[in-house]
1. For region 81-95, indicate whether the set of residues that are farther than 26 Å from residue 158 by Cα and either in contact with a helix residue (DSSP H, G or I) (Cβ under 6 Å, 6 or more places away or on another chain) or not aromatic (Phe, Trp, Tyr) (or both) is non-empty.
2. Only one residue in 216, 177 is of a type in the set (Phe, Trp, Tyr) and either over 16 Å from the mean Cα position of the chain (by Cα) or at pLDDT 95 or above (or both). Which one?
3. With 69, 74 as the choices, which residue is of a type outside the set (D, E, K, R), surrounded by 11 or more Cβ atoms within 10 Å (Cβ to Cβ) and farther than 15 Å from residue 11 by Cβ?
4. When region 51-75 is examined, which residues are found to be modelled with pLDDT of 90 or more and in a helix (DSSP H, G or I)?
5. (1) within 14 Å of the chain's Cα centre (by Cα); (2) crowded, with 21+ Cβ neighbours inside 10 Å: which one isn't true of residue 44, the others all being true?
6. Looking at (1) outside any loop (DSSP other than H, G, I, E, B); (2) within 22 Å of residue 224 (Cβ to Cβ), which is the only condition residue 123 fails?
7. From the set of residues in region 195-205 that are touching a Leu at 6+ places or on another chain (Cβ under 8 Å) and surrounded by 14 or more Cβ atoms within 10 Å (Cβ to Cβ), which is farthest from residue 239 (Cα to Cα)?
8. Report every pair of residues separated by at least 6 positions or lying on different chains whose Cβ atoms are under 7 Å apart, first residue within region 214-239 and surrounded by 13 or more Cβ atoms within 10 Å (Cβ to Cβ), second of a type in the set (Ser, Thr, Tyr) and assigned to a strand (DSSP E or B).
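The values are calculated or read from the model by the stated rules, or taken from the named source; none is laboratory data. The model shown is predicted, which means the values in this text are computed figures rather than measured ones. FYI the Cβ positions are ideal-geometry reconstructions off the backbone, even for glycines, and counts take in every protein chain you see.
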Amino acid sequence: MKDVNDLKVMDMACGDGFFARFLKKHYENNIKLIVGVDISDEMISLANSIETQNPQGIDYIRSDVSLLPYHPNPDYASNYDLVVASYFLNYAQNKTMLLDFCTTIYNCLKPNGKFITLNINVSKDPRKLYNGHERYGLSSTFCSKLVDDNYKDVMETGHRVEINRFVPSDPSTCAVFDNHYLSRATYEECFKTAGFSKWEWKPLLVDPIGLTDDTFPAGFWDTLSNPIEAGSVCIVLSK
């Protein structure tokens, strides 16, 4: 991003705007417009409150993502250089919903635009998704029953996975979210059908500062930085 200027960026399903603020802070000179979008009035209200306290020039709008291409303000509707999202696609409960998400994102991008998202790792056995992640404040429970162990087969109906997020030192702080596991093959079929020209599955990278921070014991980041064991993955798609 540091090599490109006048970028138009969207943080899709932005929640309180964490990633929008991160991008604006680190790429302020490259971003012309950044918009945070969420369906929750509460989240948009919180994001706007943070923006009021610490102005960064981020626009937040409440909208159903599927309706965004029809937004009356053309600046918000489409022609984004970059769309980012955090654990958005894994809310799709089936193949049809996932394709709708992907198509909406595709339509929001300008030619050669990119979509970058964090997602649950759909290459991993869903029954073991966040095994060993308790130290990071994550655990999961697979709530479906597989017919057999070949979980890599195409799944067109999502299997529910209960995600638990908590402060590692205080599990009583737990917040529970329902995600849905569709196979990697189903994801890639939806990417292709939506029109994306290419996509890459990328492992998570731990910030070098964290790797050298003595606060964390030796081996603390091993699970998260292992692409086979990590329960999360990054996906980069190009229009």
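1. Our first condition is that a residue be farther than 26 Å from residue 158 by Cα; within region 81-95, this holds for 81-82.
Narrowing further to those that are either in contact with a helix residue (DSSP H, G or I) (Cβ under 6 Å, 6 or more places away or on another chain) or not aromatic (Phe, Trp, Tyr) (or both): 81-82.
There is at least one residue in region 81-95 that is farther than 26 Å from residue 158 by Cα and either in contact with a helix residue (DSSP H, G or I) (Cβ under 6 Å, 6 or more places away or on another chain) or not aromatic (Phe, Trp, Tyr) (or both).
2. Exactly one residue qualifies, and that residue is 216.
3. Answer to the selection: 69.
4. Across region 51-75, the qualifying residues are 51, 52, 53.
5. Going through the list (1) within 14 Å of the chain's Cα centre (by Cα); (2) crowded, with 21+ Cβ neighbours inside 10 Å, residue 44 breaks only (1).
6. (1)
7. The selected residue is 204.
8. Short answer, once both residue conditions are applied: 231/140; 235/117.
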